[in-house]
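The values are calculated or read from the model by the stated rules, or taken from the named source; none is laboratory data. Predicted model only: the values in this text are computed from it and were never measured. Cβ placement follows ideal geometry from the backbone for every residue including glycine, while neighbour counts extend to all protein chains displayed.
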Amino acid sequence: MVKQMKIDGHGQAKILNLQERELLLSEGFLCQRDRTMNEFCYYTACRSGEARQMLYSDVFSGDKVRDTIVIRKNITKGKQATRIIPTHPKLAQSLEKYIQESQELLKIRQLVGQWDYKSLVCGNVFDEKHQIICPKCANNIISTAGKVRGKQLYKCKTCLYRFQVKTAFVEHPELRDRVLQLGVYNSQSYGFLFLNPSNPYLFPGEAGNGCISRGTCKEIFLNACRRVEIIGAGTHSWRRTALTEMHKSKVPLKVIQSISGHIRLSNLQKYLEVSPEEVEAAIRRLP
């Protein structure tokens, strides 16, 4: 039996095996928000479109993870029905870590302001006397070279490297190291939880407004797959994998259906992958 695989947006998203799941979560995703959002899709068997629109109050009561997660009717496909999903212990741990790291990142942002990848990884732009030096060759023979978007541009007269002075972490190098550990390389495109107190979403969009976009969710997942060299997977892989794992564990189809939210069993069965080994085992059971 040939397994279906998603290629260039066609076909079904592949089922992820245990090794692929662990690889994605440990090495594929850069920050805890991205890990939690994808674990959410797996441990609730929900669609990525449902996960990205979750409200904080659907998952948390105050600062405590709820025992059950509410997937509201108005964010489900076809707006069919609200689903209540028991919170898996591993998902609860991931959510708690996401909250803790979100609070830490917000404090860093409030202290140093915005940052981007260049300000995190480029060399020093100041020497011990706080004079500007070239971040590429460390030479201090520097001239101005006009402005870009209102910010001063400098030019090294030795290596001709052009650069801007990124001051976000000059006074807090330890925070730069922590940001690198937390995996948020561009604060301008990252949706900070708690940045906008009036925003109810669990996974905010840019500047803390609204929810993270569908395109961003897809980009995060595909970039993670590229990092760990997984081919044929899509954001729907988590949902297909979860439902297939339940089926393999002999969970009754009616129970799986209540979790997945499918109206018809025939639609649910399209999600469930049958391996060649399972087919062979079934044949061998014949008397």
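For the subset of segment 204-214 comprising residues that are more than 12 Å from the chain's Cα centre (by Cα) and either in a helix (DSSP H, G or I) or charged (D, E, K, R) (or both), which member is surrounded by the most Cβ atoms within 10 Å (Cβ to Cβ)?
Gly208
Select, from Ile71, Ile84, Ile75, the only residue that is among the aliphatic types (A, V, I, L, M) and surrounded by fewer than 17 Cβ atoms within 10 Å (Cβ to Cβ).
Ile84
Name the pairs whose Cβ atoms lie under 7 Å apart, with the first residue in segment 245-268 and in a helix (DSSP H, G or I), the second exposed (fewer than 13 other Cβ atoms within 10 Å of the Cβ) and modelled with pLDDT under 80, and 6 or more positions between them or separate chains?
Leu253/Leu265; Gln257/Leu265
So, Ser26, is that one assigned to a helix (DSSP H, G or I), more than 20 Å from Thr244 (Cα to Cα) and touching an Asp or Glu at 6+ places or on another chain (Cβ under 6 Å) or not?
So Ser26 fails the test.
So Trp238 clears everything in (1) over 23 Å from Leu16 (Cβ atoms); (2) outside any loop (DSSP other than H, G, I, E, B); (3) modelled with pLDDT of 95 or more except one condition, right? Which one?
Status for Trp238: all satisfied but (1).
Is it fair to say Arg284 is at pLDDT below 70, more than 29 Å from Gly28 (Cβ to Cβ) and not hydrophobic (A, V, I, L, M, F, W, C)?
yes
So, in segment 155-176, of the ones that are modelled with pLDDT of 90 or more and in contact with a Phe, Trp or Tyr (Cβ under 9 Å, 6 or more places away or on another chain), which residue ends up nearest to Gln103 (Cα to Cα)?
Only one residue tops the list, namely Leu175.
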